[in-house]
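The next block holds one structure in the form of C-alpha cells; read it before the comments.
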Amino acid sequence: MENEKINEPEIIKNKSAKEGGFGLIIFILLISMVIASLWDKIPTIKNSVHYALNPSAGFLLNWNLNIGMLIVVFAITLLTTIVQKYGTNQEALKELKKEQKEIQKQMKEFKAHPEKLMELQKKQFKLIPKQMKLSMRAIAYTSIPFILFFRWFGDYFIEAEKLAGEPVKLWLGMSWFLFYLLFAIVFGAILRKWWDVV
C-alpha cells in the first residue's frame with residue numbers, strides 16, 4: 001500500500017478541456033462588479049432592473065414581506081441550483097469528491113509516515129484548483145443577474161425604510177441580507193441533496 005500511487009481521476013484527464021479556466025470567471029466577475037458600481041451612475045441599468053423586478057419580486061414583498069421574501073429566496077436558490085446541476089460537470093465533480101475522500105482516508109492510515117503524508121497532501125492540493133474551476137463555472141452564468149438582484153434588494157429595502165420611518169426587519173428581527181443568506185443556505189442544502197448536486 002505504501003508504494004501505491006494516487007493517480008488523477010480518469011474523468012478529469014478525459015474532460016479537462018471542459019473545465020475551462022479562471023480567466024472567463026474572473027472576467028465575468030469583473031463585469032459584474034463594474035455593473036454594480038454603475039448602478040446609480042447609469043440610470044438605464046437601474047431602471048431596467050426595477051422595471052423587471054418591481055412587478056414580480058416587488059409585488060411578492062409588498063403582499064407579505066416575510067412570505068414574499070421566502071418565495072423570492074427560494075426562486076433564486078432554485079435557479080442557481082439548476083445552473084449548478086446543468087452548467088457544471090457533475091460527474092467530474094463527484095469523481096473529485098470521491099478522490100478527496102480516498103486521499104483523506106489514506107492520510108489517516110499514514111499518520112506515522114511523514115513522507116507519504118506529504119505526498120498525499122500534495123495530491124490533495126492538486127485537486128483543489130480543478131474542483132474550483134469546475135464548481136465556479138456556475139458563478140460565471142449567474143453572477144451578473146445575482147449582482148443586479150442584490151442591488152434591487154438594497155433599493156427596495158431603502159425605500160421601504162423611508163416609507164416606514166424605521167428599519168425594516170424580517171422574522172426574528174433579521175435584516176434582508178441575513179434573511180436571504182440564512183434561507184439560501186437552507187434551501188440550497190435541501191435542493192442539492194434532493195437533486196444530487198455537488
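Worth a mention:
- Value in Å of the Kirkwood radius, where region 103-162 supplies the Cα pairs that are averaged: 15.2
- Between region 139-160 and region 25-81, the Cα center-to-center distance that results, in Å: 4
- Dipole magnitude for region 75-198: about 640 debye, using +1 per Lys or Arg Cβ and -1 per Asp or Glu Cβ, origin at the Cα centre.
- Helix-derived mean residue ellipticity, 222 nm - over the chain, DSSP H n ≥ 4, -39500 (n - 2.57), to 500: -26000 deg cm²/dmol
- Computed from the Cβ-Cβ distance with R0 of 41 Å, the FRET efficiency linking Phe27 to Glu115 stands at 0.50.
- Karplus-derived 3J(HN,Hα) values for region 138-143, using 6.51 cos²θ - 1.76 cosθ + 1.60 with θ = phi - 60°, are 5, 5, 4, 7, 10, 5 Hz; glycine and proline are entered as x.
- 0 to 90° range, to nearest 10: angle between helix 22-37 axis and the chain longest Cα axis: 20
- Option label - semi-axes √(5λ) of the Cα gyration tensor in Å computed here, alternatives (i) 42, 19, 15; (ii) 28, 18, 17; (iii) 35, 18, 13: (i)
Values quoted throughout were computed directly from the atomic coordinates according to the rules given, and no laboratory measurement underlies them. Computed from a prediction, not measured in an experiment: that's the story for all the values here. So basically every Cβ, Gly included, is an ideal-geometry build from the backbone, and we count neighbours across all protein chains shown.
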